[in-house]
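Only one structure is covered here, and it is reproduced in the block below.
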Amino acid sequence: MKTFVLPGTDLVVPAIVTGMMRIQDKSDAEVQALYEASLAAGISFFDHAAVYGSEMHGCERRFAEALTLTPSQRDGIILQTKVGIVRQDGPYFDFSHDEIVSSVDASLAALGTDRIDILLLHRPDALVEPEEVARAFDELEAQGKVRHFGVSNHSPAQVELLKRWVRQPLVANQLQLSITHADLITQGMSINMGAHDQSVDRTIGTLDYCRLHDITIQAWSPFQAGFFNGPFLGNPDYPELNAVIDRLAATYDVPTEAIAIAWITRHPARMQVVTGTTNPDRVTAGAKGADIVLTKVEWYELYRAAGHLVP
Ligand SMILES: NC(=O)c1ccc[n+]([C@@H]2O[C@H](COP(=O)([O-])OP(=O)(O)OC[C@H]3O[C@@H](n4cnc5c(N)ncnc54)[C@H](OP(=O)(O)O)[C@@H]3O)[C@@H](O)[C@H]2O)c1
């Protein structure tokens, strides 16, 4: 498994992260198998959020109950969670000091741990008061409850606004990215082309901003065709893309999941990929992708086969 020191931290992180959004209904044995397959593949990094599960902190609790980690097992993994999406009376977003602090306390209790390695602000709160965020982060850091901080689904200006008050480096920005849902990448290649929808910039230069500021992009939903509408792998709506994926999978002698991941890890921004499969075999299959370095020709062929424009 490809690893690197996450800029802004002392953490050595794997290029792939196992996401825990879909484990609520999994049995202890299923969660354990997912965890063991992740570790066996070199994935020692697990992504949570307060909002994942049938109730708040449900997936965090399921994870801890199923695994009952010893202190040394806990020390051997990186636990990331998110804050800021509220269900009760909502949904709505809340980056207030009290919400951040109380949600972290609830995450710590649910996860059965004394510290969060990385805490992300989940989705931009339109009513954000960055001073409140800074006060919460300072307290959580001073108390040893959170080691590092980051964001998710944030634009460059939203990060800059936070940074005006927040002292700690914002080390990650978790964003949706797959071969088919690739706005982060496609829009930079069609700049100022009036006739093409692809040139409408919905990401506001977020990829390059993150590269310039050492903010690691964590690509969520790497297998989903769009927004939770099912994977593109084996999907008859994407015949050309799957033909290329199948051929490259045969060339590199890996499963198709590995090619979907390699397309993201090949990017020189050195992103992490956050998978959401609950199937241990798919974790093992996808993990092979982090060590493949696609050629430029292969990378662009996948890009075109997904329907994106090379002007
Ligand atoms: N920051 C954010 O706003 C945000 C939003 C969404 C998700 N996330 C994070 O990103 C993680 C990944 O999200 P995701 O679950 O949507 O991502 P994903 O890995 O793209 O999709 C996984 C889903 O696709 C299914 N699937 C079916 N065939 C598959 C195949 N051949 N290969 C792989 N998966 C296949 C999986 O089912 P099986 O389980 O049966 O394999 C699972 O339901 C989440 O767990 C969460 O940690 C973050």
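The values are calculated or read from the model by the stated rules, or taken from the named source; none is laboratory data. Keep in mind the model is a prediction, meaning the values are calculated, not measured. Quick reminder, even Gly has a Cβ in these numbers, built from the backbone with ideal geometry, and neighbours come from all protein chains shown. Heads up: the accessible areas ignore ligands, DNA and RNA and are worked out on the full protein's heavy atoms, side chains in. Shrake-Rupley method; radii C 1.70, N 1.55, O 1.52, S 1.80 Å.
Yes or no: Gly194 of a type outside the set (Phe, Trp, Tyr) and assigned to a loop (DSSP other than H, G, I, E, B)?
Considered against the rule, which asks whether it is of a type outside the set (Phe, Trp, Tyr) and assigned to a loop (DSSP other than H, G, I, E, B), Gly194 comes out as yes.
I want to confirm something. Restricting to the range 16-51 and keeping residues that are open to solvent by 60 Å² or more (accessible area, probe 1.4 Å) and among the hydrophobic types (A, V, I, L, M, F, W, C), which single residue is farthest from Ala66 (Cα to Cα)? It would help to see each step written out before you state the result.
Step one: of the range 16-51, the residues open to solvent by 60 Å² or more (accessible area, probe 1.4 Å) are 21-22, 25-26, 28-30, 32, 36, 39-40.
Among the residues that remain, those that are also among the hydrophobic types (A, V, I, L, M, F, W, C) are: 21, 29, 39-40.
Details: Met21: 15, Ala29: 7, Leu39: 15, Ala40: 18 Å.
The qualifying residue farthest from Ala66 (Cα to Cα) is Ala40.
Looking at the range 243-257, which of its residues are part of a helix (DSSP H, G or I), within 11 Å of the ligand (Cβ to nearest atom) and surrounded by fewer than 24 Cβ atoms within 10 Å (Cβ to Cβ)?
Thr256
Do we find that Leu207 is in contact with a helix residue (DSSP H, G or I) (Cβ under 7 Å, 6 or more places away or on another chain) and within 25 Å of Val51 (Cα to Cα) in this structure?
no
Within the range 259-271, is even one residue away from the ligand (no atom under 11 Å from the Cβ), surrounded by fewer than 20 Cβ atoms within 10 Å (Cβ to Cβ), more than 21 Å from the chain's Cα centre (by Cα) and small (Gly, Ala, Ser)?
For the range 259-271, residues away from the ligand (no atom under 11 Å from the Cβ), surrounded by fewer than 20 Cβ atoms within 10 Å (Cβ to Cβ), more than 21 Å from the chain's Cα centre (by Cα) and small (Gly, Ala, Ser): absent.
Please state which one of Thr186, Thr203 is in a helix (DSSP H, G or I) and touching a Leu at 6+ places or on another chain (Cβ under 9 Å).
When all the criteria are applied, what remains is Thr186.
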